[in-house]
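Report on the structure given below.
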Amino acid sequence: MATIPTVKLNDGHEIPQLGYGVFKVPPADTQRAVGEALEVGYRHIDTAAIYGNEAGVGAAIAASGIPRDELFITTKLWNDRHDGDEPNAAIAESLDKLGIEQVDLYLVHWPTPVHDNYVHAWAKLVELRDQGLTRSIGVSNHLVPHLERIVAATGVVPAVNQIELHPAYQQRPITEWAAANDVRIESWGPLGQGKYDLFGADPVVAAAEAHGKTPAQAVLRWHLEKGFIVFPKSVRRERLEENLDVFDFELTDSEVAAIDAMEKPDGSGRVSAHPDEVN
């Protein structure tokens, strides 16, 4: 079983650098998929209220027999729960479905700027952390102006920002801001979500062949060496094992630079919606 390295967050807690994401895993399949991920060796599970599969994650946790303090569980506040005391109710519902008393990381899922309530949502997450309902707090899909505003309003810097990030779309303004402010980047959609032939690109193929690995493993290794936290998704056990088998090799500086150069111009590599358009 692989030993997954941990990354220290700006609040002193540590997070496994590679985890298992359950975005788009059907609720009926979630307990089995998460159970297999835990059997294979994953200890970091990333879910969200909007995924509709928190109960399946909770069932897998309960059935695994793994001590709670050996797991790292993330879930997220959905867009329609930002106002008033809704964040309190939302995390209570998530904890009940997960069958745990505290999550390790709670995120504001999207800033939803048209409603102009993400600062309030962030302030509420600070309260939830202080109440002990979550150990760490962060955001997802927040751009630099959103980040600057929540920090200016609360004085609290997120522990992480979970963003779409892969070789075709690297979001450098956000990663540079994060590095300057001690915020860890979590990559979602780390393999490009099938929109781009990342696995057939010359830099990826060359790196994979040089180390006797698959193209997917080479891309995941690129994320790890950039310092990003990553959680690829799969419901196939063999792919779960493959994605975890990335700690026995390192890319060279030139291999990393070649993959860096794969970014599409002018942000055209984005697969998901723009954060200002998700409301």
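Does the stretch 79-131 hold any residues that are of a type in the set (S, T, N, Q), farther than 15 Å from HIS142 by Cβ and under 19 Å from the mean Cα position of the chain (by Cα), and which are they?
SER94, GLN102
Against the definition (β-branched (Val, Ile, Thr), under 29 Å from GLN193 (Cβ atoms) and in a helix (DSSP H, G or I)), how does ILE91 come out, yes or no?
yes
Given the criterion more than 30 Å from GLU39 (Cα to Cα), part of a loop (DSSP other than H, G, I, E, B), of a type outside the set (Phe, Trp, Tyr) and out of contact with any strand residue (DSSP E or B) (no Cβ under 7 Å at 6 or more places or on another chain), identify the matching residue among ALA257, ALA273, ALA206.
Residue meeting the stated conditions: ALA273.
Right, VAL235: at negative phi, modelled with pLDDT under 95, among the aliphatic types (A, V, I, L, M) and not in a strand (DSSP E or B) or not?
Against the criterion (at negative phi, modelled with pLDDT under 95, among the aliphatic types (A, V, I, L, M) and not in a strand (DSSP E or B)), VAL235 qualifies.
Restricting attention to the stretch 33-69, and to residues there that are touching a residue at least 60 places away in the same chain (Cβ under 8 Å), touching a strand residue (DSSP E or B) at 6+ places or on another chain (Cβ under 9 Å) and in a loop (DSSP other than H, G, I, E, B), which single residue is farthest from ILE4 (Cα to Cα)?
Looking at the filtered set, the residue picked out is ALA48.
Yes or no, residue by residue, for (1) of a type in the set (A, V, I, L, M); (2) modelled with pLDDT of 95 or more; (3) over 25 Å from ASP202 (Cα atoms); (4) surrounded by fewer than 22 Cβ atoms within 10 Å (Cβ to Cβ):
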| residue | (1), (2), (3), (4) |
| --- | --- |
| HIS142 | no, yes, yes, no |
| PRO145 | no, yes, yes, yes |
| ARG149 | no, yes, yes, yes |
| ALA153 | yes, yes, yes, yes |
| PRO158 | no, yes, yes, no |
| ASN161 | no, yes, yes, no |
| ARG172 | no, yes, no, yes |
| ALA180 | yes, yes, yes, yes |
| ARG184 | no, yes, yes, no |
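When ASP182 is evaluated against the numbered criteria (1) among the acidic types (Asp, Glu); (2) assigned to a loop (DSSP other than H, G, I, E, B); (3) farther than 20 Å from GLU148 by Cα, which criterion, by number, is the only one it fails?
Result: ASP182 fails condition (3) only.
In the stretch 138-150, is there at least one residue being on the phi < 0 side of the Ramachandran plot, assigned to a loop (DSSP other than H, G, I, E, B), touching an Asp or Glu at 6+ places or on another chain (Cβ under 6 Å) and in contact (Cβ under 8 Å) with a residue 12 or more places away in the chain?
Within the stretch 138-150, not a single residue is on the phi < 0 side of the Ramachandran plot, assigned to a loop (DSSP other than H, G, I, E, B), touching an Asp or Glu at 6+ places or on another chain (Cβ under 6 Å) and in contact (Cβ under 8 Å) with a residue 12 or more places away in the chain.
Across the stretch 1-32, what is the number of residues that are touching a residue at least 60 places away in the same chain (Cβ under 8 Å) and hydroxyl-bearing (Ser, Thr, Tyr)?
Residues in the stretch 1-32 being touching a residue at least 60 places away in the same chain (Cβ under 8 Å) and hydroxyl-bearing (Ser, Thr, Tyr): 2 in total.
All but one of (1) within 15 Å of ASP80 (Cα to Cα); (2) assigned to a loop (DSSP other than H, G, I, E, B) hold for GLY132, so report the exception by its number.
(1)
Starting from residues that are farther than 21 Å from LYS226 by Cα and surrounded by 16 or more Cβ atoms within 10 Å (Cβ to Cβ), keep the ones in the stretch 12-31 and report whichever is modelled with the lowest pLDDT.
Result: VAL25.
Since PHE247 meets every condition but one in (1) aromatic (Phe, Trp, Tyr); (2) under 20 Å from the mean Cα position of the chain (by Cα); (3) assigned to a helix (DSSP H, G or I), which condition does it not meet?
Among (1) aromatic (Phe, Trp, Tyr); (2) under 20 Å from the mean Cα position of the chain (by Cα); (3) assigned to a helix (DSSP H, G or I), the lone unmet condition for PHE247 is (3).
Filter the stretch 162-184 down to the residues that are among the aliphatic types (A, V, I, L, M) and either in contact with a Phe, Trp or Tyr (Cβ under 7 Å, 6 or more places away or on another chain) or closer than 21 Å to LYS76 by Cα (or both) and list them by number.
ILE163, LEU165, ALA168, ILE174, ALA178, VAL183
Residues are listed down the side, and each one gets a yes or a no for (1) touching a helix residue (DSSP H, G or I) at 6+ places or on another chain (Cβ under 9 Å); (2) within 20 Å of HIS109 (Cα to Cα):
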residue: HIS146; (1), (2): yes, yes
residue: ALA153; (1), (2): yes, yes
residue: PRO167; (1), (2): yes, no
residue: GLN170; (1), (2): yes, yes
residue: PRO173; (1), (2): yes, yes
residue: ALA178; (1), (2): yes, yes
residue: GLU186; (1), (2): no, yes
residue: GLY192; (1), (2): yes, yes
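The values are calculated or read from the model by the stated rules, or taken from the named source; none is laboratory data. These figures come from a predicted structure and were not determined experimentally. So basically every Cβ, Gly included, is an ideal-geometry build from the backbone, and we count neighbours across all protein chains shown.
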